[in-house]
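Below is one structure; the comments refer to it alone.
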Amino acid sequence: MLKLEEKNLTILKYATSIIALLIIFTLILIFNRFGEIPYSPLTTPDDWRAMQPYLELTIFSNTIIFVQPTSTFFVYFLGVLTIAIGLQIIRIRDGHKSRLWWGIALLLWGAGALFAGTSYQAFSYELKCAGRAFCLWTSWWEVVYLMLSAGSVNAMMMAQAHSCATEKWRKVMSIYAFVNMVLYIALTLIGALIPIEFLISFELMLIFFAPNILLFFIINSWRYYQNKKRMDIALLGVWVSLLIILAAYYIYFLLGITETLWEHGVWFSENDVLHIGLIVWMLYISLIVARHVKDITRTSLAN
């Protein structure tokens, strides 16, 4: 009887989450004011096409501008691969809630990559420029990507809570994850509906979630120092490699290598550096982390 009640409660939570997401998407679609945030500096559709590689595709007698085809391949491949790995981890969870949350985190991350690739790369012209005098700075696809990223990072917090924290700290981390996600999504919605550019920016997302990654690094460093567990060194590899990938992205961007290569007909950008790095990162999670992550036990606590 108790198990049945718990199952019904879980179903209710999932149903409530789905309804909440549908409401959020509806608000974004109906009331967004992205049209009031032009791309800076002001960019015409012709300027947009001149800035980056693109293909003209004819589908059912309609011409579609498909932007950054190679970059689109990398980000879509990342999205599909990440979703597949998330499903794999959920399949082999063996009752471990930490693995379940890792699987959820990767499902959200993968979905976010698909949304981001659609708006930042593949159909950026169609979504932001087509039929306009000046291109827009963002689209609802990117806002959804930001919110999915919020869910992903906080699902990782839940995974860490179940694999690395005592019961007391697990509750604290769970509350933090929930508050962090709700607050971020609320700010993102405000930014989309008013609009306020900073509230729907990549920079704000980093401000919100950099402390999470730092906390993960500290937790696993301390646990490995104390217990020398394989799980903690595997998780340390996740956080260190992520920082290396992000550093490579920003160095490539700041050095202006993308523009130099594009001038010589080589379509390889800082986003490609990021996405290829993340593809390797996801394979590491699949091959190494998924095998070692387990829920914390009383025995491990005693040790």
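For Lys128, the stated conditions hold: it is among the basic types (Lys, Arg) and under 29 Å from Gln52 (Cβ atoms). Considering only residues in region 152-168 that are at pLDDT below 90 and part of a helix (DSSP H, G or I), the one that is surrounded by the most Cβ atoms within 10 Å (Cβ to Cβ) turns out to be Glu167. Within region 121-176, the set of residues being of a type in the set (Val, Ile, Thr), closer than 15 Å to Asn212 by Cβ and in contact (Cβ under 8 Å) with a residue 24 or more places away in the chain comprises just one member, Val153. Of the residues making up region 188-212, those that are closer than 27 Å to Ala159 by Cβ and either surrounded by fewer than 17 Cβ atoms within 10 Å (Cβ to Cβ) or of a type in the set (D, E, K, R) (or both) number 6. With respect to the conditions (1) out of contact with any Ser or Thr (no Cβ under 8 Å at 6 or more places or on another chain); (2) part of a helix (DSSP H, G or I); (3) of a type in the set (A, V, I, L, M), Leu236 falls short on a single one, namely (1). Entry remark, region 31-63: residues being more than 15 Å from Glu197 (Cβ to Cβ), surrounded by 14 or more Cβ atoms within 10 Å (Cβ to Cβ) and of a type outside the set (D, E, K, R) number 7 in total.
What residue, of Leu261, Leu274, Leu283, Leu242, is farther than 18 Å from Ala116 by Cβ, touching a Phe, Trp or Tyr at 6+ places or on another chain (Cβ under 8 Å) and assigned to a helix (DSSP H, G or I)? Break it down stepwise before answering.
Details: Leu274 fails: farther than 18 Å from Ala116 by Cβ; Leu283 fails: touching a Phe, Trp or Tyr at 6+ places or on another chain (Cβ under 8 Å); Leu242 fails: farther than 18 Å from Ala116 by Cβ.
Exactly one residue qualifies, and that residue is Leu261.
Return a yes/no flag: does region 112-131 have any residue that is more than 29 Å from Pro45 (Cβ to Cβ) and either part of a loop (DSSP other than H, G, I, E, B) or modelled with pLDDT under 90 (or both). Step through it out loud before you land on a result.
Taking region 112-131 first, the residues more than 29 Å from Pro45 (Cβ to Cβ) are none.
No.
With respect to being of a type outside the set (Asp, Glu), buried (at least 19 other Cβ atoms within 10 Å of the Cβ), within 21 Å of the chain's Cα centre (by Cα) and under 20 Å from Val293 (Cβ atoms), Val143 falls outside the description. Here is a check on your reading of the model: is Tyr224 assigned to a helix (DSSP H, G or I), more than 24 Å from Leu146 (Cα to Cα) and without any contact (Cβ under 8 Å) to a residue 40 or more places away in the chain? Criteria met by Tyr224.
Can you find a residue in region 81-95 that is of a type outside the set (Lys, Arg) and under 26 Å from Ile200 (Cα atoms)?
The first filter runs over region 81-95 and keeps only residues of a type outside the set (Lys, Arg), leaving 81-90, 92, 94-95.
Next, from what is left, pick out any that are under 26 Å from Ile200 (Cα atoms): 82-83.
Yes, region 81-95 contains a residue that is of a type outside the set (Lys, Arg) and under 26 Å from Ile200 (Cα atoms).
The values are calculated or read from the model by the stated rules, or taken from the named source; none is laboratory data. Quick caveat, the model's predicted, so the values are computed rather than measured. Positions of Cβ are backbone-derived with ideal geometry, glycine not excepted, and every protein chain shown enters the neighbour counts.
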